[in-house]
Amino acid sequence: MYACICKAVKSTEIKELIDSGANSLEKIGARCGAGTDCGSCVNRLKKALIESEAQKIQELPVPIAFPIKREAG
Ligand code: FES
């Protein structure tokens, strides 16, 4: 499926670009041109960026327990 029709960039290519460090609309546009013509794909690109960040957060290790500091008194 195409993420950007104007520049014929597929969703999989966008994901690969994001995974390789293109973490902004400007960087994605600079690397493949997506989002730099009519702009109708910009929301799709933003969604891909948000999903990538959400995935990274999901992959963070979860601490077993948080130490709780209580004040005496
Ligand atoms: S569809 Fe991406 S710039 Fe037009």
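The numbers here are math on the coordinates, done by the rules we state, and not lab data. Treat the numbers as computed from the prediction; the structure is a model and nothing was measured. Every residue, glycine among them, receives a Cβ derived from its backbone with ideal geometry; neighbour counts consider all protein chains shown.
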Would you kindly enumerate the cysteines in the chain that have no other Cys beta-carbon under 4.7 Å from their beta-carbon?
Cys6, Cys32, Cys38
Can you tell me the 0 to 90 degree angle between the C-alpha axis of helix 42-58 and the longest principal axis of the chain, rounded to 10?
30 degrees
Charge sum, other residues only, whose C-beta stays under 11 Å from Ala22's C-beta, Lys/Arg counted +1 and Asp/Glu -1
-1
Could you order peptides 21-28, 49-56, 34-41, 63-70 by the average number of other Cβ atoms within 10 Å of their residues, highest first?
34-41, 21-28, 49-56, 63-70
Can you give the FRET efficiency for Thr12 and Leu60, using 1/(1 + (r/R0)^6), R0 = 35 Å, r = Cβ-Cβ distance, to the nearest 0.05?
0.90
So what is the calculated 222 nm ellipticity per residue for the chain, using -39500 (n - 2.57) for each DSSP H run with n of 4 or more, over all residues, to the nearest 500 deg cm²/dmol?
-14000 deg cm²/dmol
Taking Rh as the Kirkwood radius, which is the inverse of the mean 1/r over Cα pairs, what is the Rg/Rh value for the chain?
1.31
Sorted by chain and number, the residues with a modelled amide H under 5 Å from that of Ala3, at a separation of 5 or more or across chains, are Val9, Lys10, Ser11
Short version: ³J(HN,Hα) in whole Hz for each residue of segment 21-36, in order, from phi by Karplus 6.51 cos²θ - 1.76 cosθ + 1.60 (θ = phi - 60°), x for Gly and Pro, what are they?
x, 7, 9, 8, 4, 5, 5, 4, x, 5, 7, 10, x, 4, x, 9
